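Enquirer: Below you will find the structure I want to go over with you.
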Amino acid sequence: MISSADADAVVIGAGFFGCHVALRLRRLGMGRVIVVDREAGLLRRASYVNQARVHNGYHYPRSLGTAVRSRRNFVRFCTDHPFAIADGFEKIYAIARQSHVSPSQFVAFCGEIGAPCRESPSHLRRLFDTDLIESAFLTREVAFDAVALADDLLARLQAAGVELRLGTSARLEAADAAGATVRLGGAAVRARYLFNCTYAALDDVGIRLRNVLKKELTEIALIEPAPVFAHIGVTVMDGPFFSTMPFPARGCHSLSHVRYTPHAAWIDTADALTRTTPHVGAMLRDGARYMPSLARARPLGSLFDIKVVLLSTEQDDARPILFEPSAESARVISILGGKIDNIYDVLDVLEGHDWS
């Protein structure tokens with residue numbers, strides 16, 4: 001593509017989404033593509049600070065569309081990233097007696113979306129307090145290694161000729177029908193397209209959004225599991241329960257809890273919370289009521305970051321992508337995904353767009 005601008009595209013955000021957007025733009029014919037991020041490396045924030053789960057649909061019995069897309073994207077993600085997949089563990093979905101979904105409903109839901117699901121054998125059922133857990137099912141989920149993904153993406157970006165500007169701030173200065181002017185550190189760059197893939201900073205780089213975001217300060221606890229569940233991942237659902245599964249980037253397990261992982265939530269940035277006290281002790285104590293061996297896990301620390309959801313989907317489990325052209329210019333586009341495998345929904349949109 002021929003352009004009088006400095007670049008065909010600037011992508012703000014060097015997370016998993018920003019890197020893949022840049023690679024796809026190059027494949028679609030864009031010439032100079034710049035990826036900028038305030039961090040010193042790739043995948044340092046939300047792409048790293050999460051449960052490292054590749055969803056396979058099980059989490060979304062209240063959003064069939066999200067579950068079906070997760071099933072489709074699960075296969076694509078595992079096929080495209082075998083080097084970063086950890087699957088040497090058994091994954092259990094346990095149904096609590098006060099769950100929003102019954103065991104029979106969960107089995108029917110898995111059948112509807114075509115997700116593998118069978119009763120756990122007795123040695124796995126013994127992990128749980130049966131007074132609180134009604135049923136447990138063996139399922140099929142995997143974890144991803146964010147460090148391996150970052151290493152792969154760095155090599156791919158370099159091979160594709162994408163320009164990286166790490167440790168650099170970025171902010172929109174002006175936008176019009178022909179493109180955008182972006183301040184990258186101390187220099188202004190004119191781009192034919194600007195892609196905002198900053199996740200937690202989506203509304204903080206000078207781009208006004210029409211969709212309202214809800215943000216949460218969240219904690220992912222890291223634990224050394226007791227030997228009995230060292231090769232097991234567990235999700236107790238559906239309600240104020242917990243999940244623990246391998247965290248390949250650190251060689252340990254992550255632990256999250258619906259009640260204790262969120263520390264604060266806000267819509268107005270004036271209400272934002274940035275400092276807090278870890279809740280890992282409360283997560284372990286409550287989780288051990290349902291799975292007693294959690295009491296023998298050793299806390300290793302916690303990772304904190306901002307989780308972002310569309311306010312319009314807060315009351316259900318839907319996790320659609322946001323692909324929002326700015327009101328100021330259709331060439332300024334903000335992108336948000338709720339799960340790592342949402343990247344395929346974004347890439348499908350990019351493929352269907354005319355970028356001339």
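Enquirer: Looking only at segment 334-341, decide whether some residue is among the aliphatic types (A, V, I, L, M), outside any helix (DSSP H, G or I), closer than 17 Å to T218 by Cβ and in the same structural domain as V101 (by TED's automatic domain parsing).
Expert: Initial filter on segment 334-341 (among the aliphatic types (A, V, I, L, M)): 335-336, 340.
Filter once more, keeping what is outside any helix (DSSP H, G or I): 335-336.
Keeping just the survivors that are closer than 17 Å to T218 by Cβ gives 336.
Then drop every residue that is not in the same structural domain as V101 (by TED's automatic domain parsing), which leaves none.
No, the conditions are met nowhere in segment 334-341.
Enquirer: Let me ask something else. If I ask for residues that are part of a loop (DSSP other than H, G, I, E, B) and closer than 22 Å to P292 by Cβ, which ones from segment 198-244 would you list?
Expert: P225, A226, A230, H231, D238, G239, P240, F241
Enquirer: Moving on to the next point. State which residue is farthest from G287 (Cα to Cα) when the search covers only segment 77-110 and only residues that are surrounded by 14 or more Cβ atoms within 10 Å (Cβ to Cβ) and of a type in the set (F, W, Y).
Expert: So the residue we want is F77.
Enquirer: Of all residues being in contact with a strand residue (DSSP E or B) (Cβ under 8 Å, 6 or more places away or on another chain) and aromatic (F, W, Y) in segment 81-131, which is nearest to V236 (Cα to Cα)? Just the residue, please.
Expert: Only one residue tops the list, namely Y93.
Results for (1) touching a strand residue (DSSP E or B) at 6+ places or on another chain (Cβ under 7 Å); (2) crowded, with 21+ Cβ neighbours inside 10 Å; (3) part of a helix (DSSP H, G or I), shown as yes or no for each residue.
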residue: P246; (1), (2), (3): yes, yes, no
residue: A264; (1), (2), (3): yes, no, no
residue: M283; (1), (2), (3): yes, yes, yes
residue: G287; (1), (2), (3): yes, yes, yes
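Enquirer: Here is a further query. Output the residue which, of all residues in segment 218-250 that are without any contact (Cβ under 8 Å) to a residue 24 or more places away in the chain and touching an Asp or Glu at 6+ places or on another chain (Cβ under 9 Å), is farthest from D305 (Cα to Cα).
Expert: Residue satisfying both the conditions and the ranking: A230.
Enquirer: Tell me yes or no: at least one residue of segment 317-328 is under 30 Å from C19 (Cα atoms), surrounded by 15 or more Cβ atoms within 10 Å (Cβ to Cβ) and among the aromatic types (F, W, Y).
Expert: Applying the first criterion (under 30 Å from C19 (Cα atoms)) to segment 317-328 yields 317-328.
Keeping just the survivors that are surrounded by 15 or more Cβ atoms within 10 Å (Cβ to Cβ) gives 317-324, 326, 328.
Imposing the further condition that a residue be among the aromatic types (F, W, Y) reduces the set to 323.
Yes - at least one qualifying residue is present in segment 317-328.
Enquirer: Confirm whether V10 is within 15 Å of L194 (Cβ to Cβ), touching a residue at least 12 places away in the same chain (Cβ under 8 Å) and not in a loop (DSSP other than H, G, I, E, B).
Expert: yes
Enquirer: In this structure, is A188 at pLDDT 95 or above, surrounded by 17 or more Cβ atoms within 10 Å (Cβ to Cβ), in the same structural domain as A330 (by TED's automatic domain parsing) and of a type in the set (G, A, S)? Write out each step before concluding.
Expert: Numbers: at pLDDT 95 or above: yes; surrounded by 17 or more Cβ atoms within 10 Å (Cβ to Cβ): no; in the same structural domain as A330 (by TED's automatic domain parsing): yes; of a type in the set (G, A, S): yes.
Considered against the rule, which asks whether it is at pLDDT 95 or above, surrounded by 17 or more Cβ atoms within 10 Å (Cβ to Cβ), in the same structural domain as A330 (by TED's automatic domain parsing) and of a type in the set (G, A, S), A188 comes out as no.
Enquirer: Residues that are surrounded by 19 or more Cβ atoms within 10 Å (Cβ to Cβ), in contact (Cβ under 8 Å) with a residue 40 or more places away in the chain and either assigned to a loop (DSSP other than H, G, I, E, B) or assigned by TED's automatic domain parsing to the domain that holds Y260 (or both): does segment 169-185 have at least one?
Expert: There is no residue in segment 169-185 that is surrounded by 19 or more Cβ atoms within 10 Å (Cβ to Cβ), in contact (Cβ under 8 Å) with a residue 40 or more places away in the chain and either assigned to a loop (DSSP other than H, G, I, E, B) or assigned by TED's automatic domain parsing to the domain that holds Y260 (or both).
The values are calculated or read from the model by the stated rules, or taken from the named source; none is laboratory data. What you are looking at is a predicted structure, and each value in this text was computed from that prediction instead of being measured. Virtual Cβ from ideal backbone geometry, glycine too; neighbours counted across all protein chains shown.
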